[in-house]
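Trainee: Input: one structure, supplied below.
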Amino acid sequence: MSINLPVRKVLGTGMPGLVLFALSALAGACGDGKDGEGNFPKNVAFMSDSQKVAYVMRKAKPDSVARFICNASLGKVPGVKIDTLANATLYAYEHYKDADLQTFSAAFDEYTSSLPLNEKMMLHKLAADKDPMQMGYELGLEYVNDIRVNHKDEARVEQEIAALKRVCSKNPEDSLTFVRFMKGFKVALDYDKPGDIPRRIYEKYK
């Protein structure tokens, strides 16, 4: 799965523990005695996306910066919001060099690939990198491999699909995204047979 941002293609079903780890790592890296929320300066609300990313780049390692951009874009960092995902990511790509750039890129890919379905969809929308007519199909086609790689069981799959359905039902523009997701998912399951996908998942959604 990729989010196509101005510099290169990036994006790569995240367990709550992974999210908490990322945020705690960032908080620790940014801890410098500031009084702002999440150890940011008090004027964080008036900072541009680039300024927020620049601040975190000075305080944290590239992998933490990648997770921060994703989480802040999704509204998961208390008191700090990234308004334009593409601009925030572009700033990091333009200012990291060599090994730091490679670490940032790999971390961005790895972390975004670990996000739940609904958050992946939200990031794609924020990046405006996919045709809305195709996004649901692509998410569905990719989800079989996501299940395989991350060893997801029936309960986890059911939970993620339900969360995606809830998110899609809240916005008329997304009303067909879930339908297209299920079509893509079924096509991929049929191709896989069940292969190495748990049979209960295959039989439930084929």
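Trainee: Once the piece of chain linking A128 and L101 is laid out straight, how much longer is it, given 0.36 nm per residue of separation minus the C-alpha distance between them?
Mentor: This chain segment gains 7.4 nm when fully extended.
Trainee: Given contacts defined as C-alpha pairs under 8 Å and at least six residues apart, what's the relative contact order of the stretch 36-137, whole-number percent?
Mentor: After rounding, I find 29 percent.
Trainee: Is the stretch 73-116 best put as rounded, prolate or oblate by its Cα gyration tensor, with a ≥ b ≥ c the root eigenvalues, rounded for a/c under 1.5, and otherwise prolate when a/b is larger than b/c, oblate when not?
Mentor: Here the stretch 73-116 falls in the oblate category.
We did not get these values from a lab; they are worked out from the coordinates using the rules stated. Model, not experiment: these values are computed from the prediction.
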